Structures are given as C-alpha cells and as structure tokens.
Amino acid sequence: MIIRNVKVYTQEQKFADGEIVIRDGVFGDSQVVSGVEAVPKDGEEIMDGEGCYAIPGLIDLHFHGCMGYDFCDGTKEAIEEIAKYEASIGVTAIAPATMTLPVEALERVLETAAEYKEEAEKRAKEGSSKEADLIGVNMEGPFISVEKKGAQDERNIITCNEEVCQRFLDASKGLVKYVGIAPERNEDAVSFIRAMRDKVNISLAHTNAGYDAAMEAFNAGANHAVHLYNAMPAFTHRAPGVVGAVCDSEHVDVELICDGVHIHPSMVRATFKMMGADRMILISDSMRATGMPDGQYTLGGLDVNVVGNRATLVSNGALAGSATNLMDCVRVAVKEMGIPLETAVACATVNPAKSLGEYDQYGSIAKGKKGNVVLLDQELEVKAVVKDGTLLGTCSNEKNSVPN
C-alpha cells in the first residue's frame, strides 16, 4: 500500500507533506517524500489521503474495556471484542489493566490473555488482523491501598508480595508489563521493588503515600505513576505527595486521563510544563461502557452509573474509570486543553511504546516498524485506519467507528 497526499507525523514529532509506503505489513523506505513519488509494485494499492494527518496507530496502556466487555471478564471473546473496537477507532496496540480481584482469579485472567496473544499472533500470520495487538498488561491491583481504592474492591486488596507477583508474571508468560503498588502499606515495599524491578515496571497506583514514601519507592526503582492525581493524595504546597515525588524523579513515566472529567484542563497544561512532555502518557482508563449507551454497568464487580462520558460508582458517586476511548482523549487534549497536536500524538504513541519496551515495532512511522497508521481530518476525526498495511475501513460518523 502507498498512502499519498498526507501530512506525515515524522520521528522528529512534526508533520511533513509526503507519502507512506507499507509493504509486507511494515513501513518501507519513503515515509516523507518531497516531490518524488514511490513507484508502485504490481497490484499495490494506492490510497489518496486527501490532505489528512497521518499518525502512528495509538497505544493505550491503561484501560479496562469497551463495548460491554471487560478485560477481567477473563475470556478470549472479551479480549477479541475489545481489541476489535480499539483498532476500529485507531488504537492499534493495547495493554489492558486488571482490577483488584482475588489472586487466583487474576491468574486465570492472565493465563487467558497469554493464550489469546499466542492465538492472535498465529491468526495474524495467516492473514490480516482487524484487532489491536495485545502487547502488555497493566496490573492496577491488588497491591493497593484501602484509603485510595477508588473503584477497586477492597475485599481483595493485599500487601505487595514477591511470590504472588511472580505468579502473575508466570501466568501471563511475560505479558504483564506493570505492577502497581501502594508503598506505604508495606514496610518491605522497598525490598519488593528491588526484587522485582528488573522483571517488570513497578508503578505507584491507588496509593496514599506521602512525598517521602513515594520518593523512597522511586529511588528504589519504581518508574511509573498510574493516572496521576487520581487515587492519590492531593498535590499541595506543604504536602506535595506522590505528584511532587514524581516531579522530582525524572525516570518516572506519568499516566494522564485527558477525558475532560478526571483532570481540569489547567492542571493538564501545568503538568506538561512541570514534568515535560517526554514523560507524559495519555491513557483512557476506559471501562466496559465505552462505545455503549448510558446506563448501569460493572467494573471490578462494582456497579457503575454511566451518563455521557462520566462513570461513577452507584455506592458513593466516586469516579469509576472513564467512558472515553483514547482517540477521543487525544482530541480533548488538543481541542479543549490546549495541548499541541504534535505533543498529544507523541504522548499516545511514542511515549507508551517506549514505556512498554516496544518502540522497535510500534509508536512511530519508521522503516521496518509495523504498518499501523491512522488518518485524521482537520477536525481530528478518524477518516481511516490501516493495520499492518491493510485498510480496516473508512468512516465519517460521529462515533468515529470504522466498519469491519
């Protein structure tokens, strides 16, 4: 496939007029060409991009579900339907998040995910894939705090444990890329981090840690912060808490939910200035109601009310994930929060790919990488999604859903 007449998102994180060549499912030599067009091979499809922005397929490394399914349903059908929806809206690689379930239940979810990945990769080799690639799992629980549990079920919360963590890694066959902890809950948290940091990324998640405890964790090797500001102490001038510790720890990546509900636009802009764009990772934190009508759904076994893009627990009104997909979050970040398009794209492609350790295959339009491209019009609406060099479909409807 050759995609012509597009504004290509380059590795310099800028847009340049040119074309994109995808052959054998990967990007070819000429991604940005001025005045010179690639010569098509016999039978090669030529697509007119109509002046659209051409960006890499997005990567969501923290979300729970969509279209009525949740990753923790623990079925291959759930993962496949989630992956289809994500690919359809331009998210071509995913690392879903777990909830705080019993240890044995989490092991089964992870085993199923590992089996699904093996089968999906086999299917992809036999033909084109319409599903987003499953490239990781983000474990949001069970090593979290009761005080900042949010929509997690506190009955299943446990202190961080090396043996249990290793069981998770083994069950997933290495698919688990992040394990979240609340370091203040366990006086051996530093030992846990030092024991596991070379096997998996350790994140601070749903934690009530103060600045000192968070800094101790980061100095020990924790390197990731789950949905900054949410499910952690407030950032104040005398008690900077986890946010202050993240700011002072330049090796720590930061998740942000830019759905217009979880964080005020001013705070999003301030965070980019304070931390620097290279550390920001846009996530959706979407739950099973995403892509579905308003109504009552579940998250981690808890009942959730969804109205518009706001999801709240029935029991206490606390935010319960989001009902917004990552492409919509990128659009909100740019159009409503003032984040430059070039920056927002990097935070949903380059940065998550690097954090996941998958930048050699994903995250940018570069020779040899997987041929995943999303075309956006001037209003940032999805016009087409290309997965592994195959056009999944085109769209113009208000939900940006590409037909299968």
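Of the residues making up region 131-169, those that are assigned to a loop (DSSP other than H, G, I, E, B), farther than 22 Å from Gly317 by Cα and open to solvent by less than 50 Å² (accessible area, probe 1.4 Å) are Glu131, Ala132, Ile135, Gly136, Cys160. Within region 364-395, being part of a strand (DSSP E or B), open to solvent by less than 40 Å² (accessible area, probe 1.4 Å) and over 19 Å from Val330 (Cβ atoms) holds for one residue alone: Gly393. Please note which helices (runs of 4 or more DSSP H) are completely contained in region 184-298 and include at least 3 residues that are free of Cβ contacts under 8 Å to residues at least 12 places away in the same chain. Once the helices (runs of 4 or more DSSP H) in region 184-298 are filtered for at least 3 residues that are free of Cβ contacts under 8 Å to residues at least 12 places away in the same chain, what remains is 265-275.
Could you say whether any residue in region 212-219 is touching a strand residue (DSSP E or B) at 6+ places or on another chain (Cβ under 7 Å) and not hydrophobic (A, V, I, L, M, F, W, C)? No, because not a single residue in region 212-219 is touching a strand residue (DSSP E or B) at 6+ places or on another chain (Cβ under 7 Å) and not hydrophobic (A, V, I, L, M, F, W, C). For region 316-345, residues that are aliphatic (A, V, I, L, M), closer than 21 Å to Arg279 by Cβ and surrounded by fewer than 24 Cβ atoms within 10 Å (Cβ to Cβ) total 4.
Give me the pairs, please: first residue somewhere in region 79-93 and of a type outside the set (A, V, I, L, M, F, W, C), second residue anywhere and open to solvent by less than 10 Å² (accessible area, probe 1.4 Å) and in a helix (DSSP H, G or I), beta-carbon distance under 6 Å, and either six or more positions apart or on two chains. Final answer for the pair search is Gly90/Met327.
Considering only residues in region 64-78 that are in a loop (DSSP other than H, G, I, E, B) and closer than 12 Å to Tyr116 by Cβ, the one that is most open to solvent (accessible area, probe 1.4 Å) turns out to be Thr75. Within region 316-334, the residues that satisfy the criterion of being touching a strand residue (DSSP E or B) at 6+ places or on another chain (Cβ under 7 Å) and modelled with pLDDT under 95 are Ala318, Leu319, Ala320, Gly321, Ser322, Ala323. Collect the residues in region 299-330 that are among the charged types (D, E, K, R) and either part of a strand (DSSP E or B) or over 17 Å from Met67 (Cβ atoms) (or both), keeping them in residue-number order. The answer is Asp303, Arg310. Has region 41-60 got any residue that is part of a loop (DSSP other than H, G, I, E, B), open to solvent by 40 Å² or more (accessible area, probe 1.4 Å) and touching a residue at least 40 places away in the same chain (Cβ under 8 Å)? Yes, region 41-60 has at least one match. For first residues located in region 156-173 and under 17 Å from Ser203 (Cβ atoms), partners that are open to solvent by less than 60 Å² (accessible area, probe 1.4 Å) and part of a loop (DSSP other than H, G, I, E, B) and lie 6+ apart or on another chain with Cβ distances below 7 Å form the pairs Ile157/Thr100; Ile157/Ile144; Ile157/Val146; Ile157/Lys149; Thr159/Asn186; Cys160/Asn186; Leu169/Val200. Hey, any hits in region 102-116 for a residue that's buried (at least 24 other Cβ atoms within 10 Å of the Cβ), part of a loop (DSSP other than H, G, I, E, B) and touching a residue at least 24 places away in the same chain (Cβ under 8 Å)? So far as region 102-116 goes, no, none of its residues is buried (at least 24 other Cβ atoms within 10 Å of the Cβ), part of a loop (DSSP other than H, G, I, E, B) and touching a residue at least 24 places away in the same chain (Cβ under 8 Å).
Tell me, please, whether a residue that is modelled with pLDDT of 95 or more, over 17 Å from Ala83 (Cα atoms), touching a strand residue (DSSP E or B) at 6+ places or on another chain (Cβ under 6 Å) and not in a helix (DSSP H, G or I) can be found in region 355-362. Yes: one or more hits. Within region 202-217, the set of residues being surrounded by 24 or more Cβ atoms within 10 Å (Cβ to Cβ) and closer than 25 Å to Asn351 by Cα comprises Ile202, Ser203, Leu204, Ala205, His206, Thr207, Ala214, Ala217. Among residues of region 124-138 that are charged (D, E, K, R), those with a Cβ under 8 angstrom from a residue that is assigned to a loop (DSSP other than H, G, I, E, B) and open to solvent by 30 Å² or more (accessible area, probe 1.4 Å), sequence gap 6+ or separate chain, pair up as Lys130/Asn404.
The values are calculated or read from the model by the stated rules, or taken from the named source; none is laboratory data. Quick caveat: nothing in here was measured; it's all calculated off a predicted structure. Because the Cβ atoms are built from the backbone with ideal geometry, glycine has one as well, and the counts that use them run over all protein chains shown. All accessible areas refer to the heavy atoms of the entire protein, side chains included, with ligands and DNA or RNA removed. Shrake-Rupley method; radii C 1.70, N 1.55, O 1.52, S 1.80 Å.
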